[in-house]
Each structure stands twice: as C-alpha cells, then as structure tokens.
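The structure under discussion appears below in the form of structure tokens.
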Amino acid sequence: MDGRELKAYERFKDQAQFYRAHAYHLEGELRVVRPELYRADQRIDRLEQRVARLAAENKLLKQRVKELTLKSRQAPTPGAEVPISVKASVRRHRRKKPGRKDGHPGALRPLPDHIDVHQEVPLPKDPAGQDACPRCTGCLLDLENHERLVEDIVPAKVFVKCYHTRSGWCPFCRRRVESRAPEQPPAANIPHGQLGINALSTAMLLRIVHRLPFRQVTQVFANLPELSVSPGAISHQVQRIAGWFDGDYEKLMIELRCAPYVHADETGWRTDGKNGYLWAVTSPTQTLYHVDKSRRMKRGE
C-alpha cells in the first residue's frame, strides 16, 4: 500500500468515524423526540374529539335558536305591539346625596413623621411691649399658642462636584484604569460637565415612567433646577444607561423564562417614524419590555 492509498484510507476512516458519531447523536435525539411526538399525537387526538363534540353542540344550539325564533314570531303578543327600537321605560331612582353622611370620621392626609425646622412667628408689639393686633395694633387678650404644620418641597438647584481621580495603565488588563467614587457615573473625556447619577435617574424617570418627550424633559430641567441640557443629550444618556444594565437585562430574560407563568402583550410603537411594536412580558415579580419591528415573537425567545 503506497502513500496515496494510505491517505485515502485515513480520510475514509475519519469520515466513517464522523458519520458514526453523527448517527449516535441522531439516535439520541430520536429517543428524546419520540416520547414528545407520542404526547403531541395524544393531545391532538383529544383536541379533535373536543372540536367534534363542540361542533355537534353548536349545531344543536343553532337549531334550538331557530325554533325559538320562529315560535316567538308566530305567537301573538297581548296589547299593542311595541317597536323593537323603543326601549322600555325605566323608573328613575332618586340620586343619593354625594359625599359621606354627617358625623363620619375625617379622611385626612397622614401627619408628617418628622419636623425639619421649627420657626417662631411672633405677633407685633405695641409701645408697651405687649402683643398687638397686626391690623389695628390694638392690645390682644386671651392669647393662645398654635402649631401649624406645613409640608413643602425644597426648590431644586444645580450642584456641581469635581472628582479628583487617578488613573494608570494595567499591564495585566491591558487597559488604562481610573479610580471612581460610588456615586460617580463612568468617566468620559468631554470638555463640559457630566450629568450626575441623580440627574440621570430623574431624566430616566421622566422619560420612561412619566413618558415625557425629550424636549419636555429638557424643559423640566431648565425650569426647576435651571440645568441646561439638550434633547439629544438626554436621548444619548438614556441609551448610555441602557448599556450599563445590559447584563441585568439578560438576567431578567433568564428569570422570566424560568418563571412558572408569564403574561405577554404587545402594542404599537413608532421609532424614528417607523412602525414597530412594544412587547411587555410580566411575571409576579418582574416585567420586561422589548421593542421590535415585528409583532411575532421569534422562535426560542
């Protein structure tokens, strides 16, 4: 046997081993698929029997409705015939008086759980040093003390913080690394200031939860804390934050696939003037949103 015949023999031998391993693999898949195919055939048979039974019941009900309709047309109605379009008169009941009954306990907002500031508000004084009326400066009698609780919000303002970080080249990671505070967003080499975590979370809340357009989000920032930011920057930051949670998104998909049951629904969703669909998949503990140009889920999703 020369060298060419030996190479051909080795090639045929490798092919035979490959096809033998492939045959073993197919036999294993067949052993798994056969029980599933048997159960599917059994389920199809039960469904066909149920469809036949429901079709027979439907035919019987249609025949019964036809007989009752013919009987009602033939039977004379006592008194004057009333057109079908005329509704029967309904006695109107007197409306209940709105509101709760007299003497009910008051339904008030809960009391604040803490007081941040105590402020004394004194009355004006007369020349004798006594408390006087703020309208006519007359002397007041029967003085009393009161506590008036007021809940208000603090006006927002822009807070600028400069992080002094250090960076260096890591020969093991083959990249430059930089120190970062827990509340600091990932650093970016830009000439202007970055948006902080609170500003980013507020923008995400206004955009995702309250569904404000990007221009209205920028208007809210301009009116309340007087923070100047463009709609394009808000859109870019939303996509940037989505990249931060990319790993959590995959984990959420795995948890939903392992849930005992999920509810799914879709609705129309336009992106850049193009029609698409927003899928919402929810379980008792998680909710996942997915935007796709198709309303049909792909196999394996």
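Convert each backbone phi in region 142-154 into a coupling constant with the Karplus relation 6.51 cos²θ - 1.76 cosθ + 1.60 (shift: θ = phi - 60°), then list the ³J(HN,Hα) values in order as whole Hz, x for Gly and Pro.
Those phi angles translate into 6, 6, 9, 9, 9, 10, 10, 7, 10, 9, 9, 10, 7 Hz.
Give me the net charge for the shell around residue 119: Cβ to Cβ below 13 angstrom, other residues only, Lys and Arg +1, Asp and Glu -1.
On the way: positive: 148; negative: 116, 120, 147, 152.
Around residue 119, the charge tally is -3.
Starting at the first residue of region 251-266, write each ³J(HN,Hα) from the Karplus equation 6.51 cos²θ - 1.76 cosθ + 1.60 with θ = phi - 60°, in whole Hz, x for Gly and Pro.
Computed from phi, the couplings for region 251-266 are 4, 5, 4, 5, 5, 5, 5, 8, 5, x, 7, 9, 10, 10, 7, 9 Hz.
Counting only protein chains, not ligands or nucleic acids, how are 102, 126 ordered by accessible area (probe 1.4 Å), most first?
Details: 102 155, 126 35 Å².
My answer, sorted largest first, is 102, 126.
Would you mind getting the accessible area per residue of region 208-301, heavy atoms of the protein chains only, 1.4 Å probe, in Å²? Show your work: numbers first, answer last.
On the way: 7220 Å² over 94 residues.
Heavy-atom SASA per residue in region 208-301 reads 77 Å².
With every protein chain in place, what's the accessible area of residue 143 (1.4 Å probe, Å², nearest 10)?
Probe radius 1.4 Å; accessible area of residue 143 about 100 Å².
List the trypsin sites (Lys or Arg not before Pro) in region 131-187 that DSSP assigns to loop (not H, G, I, E or B) and whose Cβ has at most 15 other Cβ atoms within 10 Å. Which are they?
Working: sites: 135, 148, 157, 161, 166, 174, 175, 176, 180; in loops: 135, 148, 157, 161, 166, 174, 180.
Sparse-neighbourhood loop trypsin sites (Lys or Arg not before Pro): 135, 148, 157, 161, 166, 174, 180.
Rounded to two decimals, what ratio of Rg to Rh does region 242-301 give with C-alpha atoms and a Kirkwood Rh?
Values: Rg = 12.3 Å, Rh = 12.5 Å.
Over the Cα atoms of region 242-301, Rg/Rh equals 0.98.
Give the shape of the chain as rounded, prolate or oblate, defined through the alpha-carbon gyration tensor: a ≥ b ≥ c are the square roots of its eigenvalues, a/c under 1.5 means rounded, and otherwise the shape is prolate if a/b is larger than b/c and oblate if not. Mind showing how you got there, number by number?
Working: a/c = 3.32, a/b = 1.22, b/c = 2.72.
Oblate.
So how exposed is residue 24, as accessible area in Å² (1.4 Å probe, rounded to 10)?
140 Å²
Which value, in nm² and rounded to one decimal, describes the direction-averaged projected area of the C-alpha convex hull of region 109-178? Show your work: numbers first, answer last.
Numbers: hull surface 48.2 nm².
For region 109-178, averaging the hull's shadow over all directions gives 12.1 nm².
I need the per residue convex hull volume for region 192-301, using only the alpha carbons, in cubic angstrom as a whole number. Present the calculation step by step, with values, prior to reporting the outcome.
On the way: hull volume 14.1 nm³, N = 110.
Normalising the Cα hull of region 192-301 by residue number yields 128 Å³.
What are the residues whose amide H is under 5 Å from the amide H of residue 277, where those residues sit 5 or more places off or on another chain and H is modelled from the backbone?
Counting only residues 5 or more places away or on other chains, the set is 269, 292, 293, 294.
Quantify, in whole percent, the carbon and sulfur part of the accessible surface of the chain (1.4 Å probe; protein heavy atoms only).
On the way: 15860 of 28500 Å².
On the chain, the fraction of accessible area on carbon and sulfur atoms equals 56 percent.
Nearest 500 deg cm²/dmol is fine: what mean residue ellipticity at 222 nm does the chain get from its DSSP H runs of n ≥ 4 alone, each adding -39,500 (n - 2.57), divided by its residue count?
On the way: 5 runs with 116 residues, N = 301.
Rounded to the nearest 500, the figure is -13500 deg cm²/dmol.
List the trypsin sites (Lys or Arg not before Pro) in region 200-301 that DSSP assigns to loop (not H, G, I, E or B) and whose Cβ has at most 14 other Cβ atoms within 10 Å. Which are they?
Details: sites: 207, 211, 215, 240, 251, 257, 270, 274, 293, 295, 296, 298, 299; in loops: 211, 270, 293, 295, 296, 298, 299.
Sparse-neighbourhood loop trypsin sites (Lys or Arg not before Pro): 211, 270, 293, 295, 296, 298, 299.
Give me the lysines in straight-line cross-link reach of residue 71: C-alpha distance below 27 Å, same-chain residues under 8 apart excluded.
Cross-link targets: 59, 62, 87.
Put +1 on the Cβ of each Lys and Arg and -1 on the Cβ of each Asp and Glu in the chain; which of 138, 121, 241 then has its Cα farthest toward the positive end of the dipole?
Among 138, 121, 241, the one farthest towards the positive end of the dipole of the chain is 241.
The values are calculated or read from the model by the stated rules, or taken from the named source; none is laboratory data. Just so it is clear, the model here is predicted, and its values are computed rather than measured. Glycine gets a Cβ as well: all are built from the backbone with ideal geometry, and neighbour counts include every protein chain shown. Heads up: the accessible areas ignore ligands, DNA and RNA and are worked out on the full protein's heavy atoms, side chains in. Shrake-Rupley method; radii C 1.70, N 1.55, O 1.52, S 1.80 Å.
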